[in-house]
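Undergrad: Next up is a structure, given as structure tokens.
The values are calculated or read from the model by the stated rules, or taken from the named source; none is laboratory data. As the structure is a computational prediction, the values presented were derived from the model and not from experiment. Ideal geometry is used to build each Cβ from the backbone, glycine not excepted, and the neighbour counts take in all protein chains shown. Side chains included, ligands, DNA and RNA excluded: accessible areas come from the protein's heavy atoms. Shrake-Rupley method; radii C 1.70, N 1.55, O 1.52, S 1.80 Å.
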Amino acid sequence: MIIPNPDINSFIKTLRNKRADFIPLAELGVHPSIKEKFIGKKILTVTDEIEFWYKAGYDYVKLQPIVDFNPAKIKSDTNLTYNDDGTVFRKWASESSGIITSLKEFEEYVFPAIDEIDYKRFEDAVKNLPEGMGIVGQYGDIFTMTWEMMGFENFSLALFEDDELIKMINDTVGSIVLSMFENMSQLDEVKALWYSDDIAYTNGLMVSPETLDKYFFPWLKKIGEIAKSVDKPLIYHSDGVLFDVMDKLIDCGVNALHPIEPKAMDIVEVKKSFGNKLCLIGNIDVDLLARGSKEEVIKNVLFNIENVGVNGGYCVGSGNSIPEYVNLENYIAMIETVKSYHF
């Protein structure tokens, strides 16, 4: 049984790599269908959202600003799959040609204006937060949106032939996302910032460190400076193996790293090498949560706590996110194991 007892201060203490009185839970995302099964009703309002995070045992509700990067202009629906009712089930970026492949297309594309970004969800949450809970403000994908808008093949070719279009997209998206972190950071109830932007996969970085130095790390550093200026911890999410850039992530002001993808990095090794500088979040295999037994999930959670979390600086969570195909009983078993653990 999960008994909510949120303590945002202990969560923040853990993000700062200190030992709190308990091991916190943390997720970047939980699929709406899982949330709805958990609380027994549709997630329609911010109050519903808060109810899920509260009842599931988290110390925070994670919120994003509402912003439209103009998906209606996407040229093709070939990368979409659909539910029976016609709604989009999954979507993914084109590998070859994206929505912006020329200066003309860049100039025609309607990027959101900074003053159009909607923070009403934050305002609503402030009015409805249970005692002990805080808000984690999250957004991301400056680097990801840059290559997605071009298509990865076009992006890769442009790196060598003419990177002017890359610069224009990257600067435009970066300035929009940066403004969100500036605004979120100013809210007292926002206790931590979370930036997500995948730069790696299971076997290595998606692009060279030099490319990341040009189009990723300058933005992460600016977000880190925002977090530092308001004395709020910065969580960073990227799948994949990150050993080659771990020191750079730390130099940018990252306090906590998520999700320590289990097929990419050994969390015990990461803790040994970087645990004095980084809080670690996640690492419970999504496939295990989806297809494993409750006993296997419990064993995985206890292993991580005992080998990584007993001295602080670790939050239990999935090794990516909680998609709709995760076994709800396994997800609850993960939470209950954390909540029943005592130092």
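Undergrad: Mind checking which strands (runs of 3 or more DSSP E) fall wholly inside segment 1-113 and carry at least 3 residues that are modelled with pLDDT of 95 or more?
TA: Counting at least 3 such residues, we get 60-63.
Undergrad: Do we find that VAL268 is of a type in the set (Val, Ile, Thr) and touching a Pro at 6+ places or on another chain (Cβ under 8 Å) in this structure?
TA: Criteria not met by VAL268.
Undergrad: For residues in segment 25-72 being within 20 Å of LYS120 (Cβ to Cβ) and of a type in the set (Asp, Glu), which is nearest to the chain's Cα centre (by Cα)?
TA: If we take residues in segment 25-72 being within 20 Å of LYS120 (Cβ to Cβ) and of a type in the set (Asp, Glu), then GLU49 is nearest to the chain's Cα centre (by Cα).
Undergrad: Here is a further query. Just to be sure before I move on: is GLU296 free of Cβ contacts under 8 Å to residues at least 40 places away in the same chain, closer than 18 Å to THR14 by Cβ and assigned to a helix (DSSP H, G or I) in the structure I sent?
TA: No: the conditions fail for GLU296.
Undergrad: Could you please let me know if LYS127 is at pLDDT 65 or above, open to solvent by 50 Å² or more (accessible area, probe 1.4 Å) and more than 21 Å from TRP147 (Cβ to Cβ)?
TA: Yes, satisfied.
Undergrad: Being in contact with a helix residue (DSSP H, G or I) (Cβ under 8 Å, 6 or more places away or on another chain) and among the hydroxyl-bearing types (Ser, Thr, Tyr) is the filter; apply it to segment 44-57 and report the residue that is nearest to LEU187 (Cα to Cα).
TA: THR47
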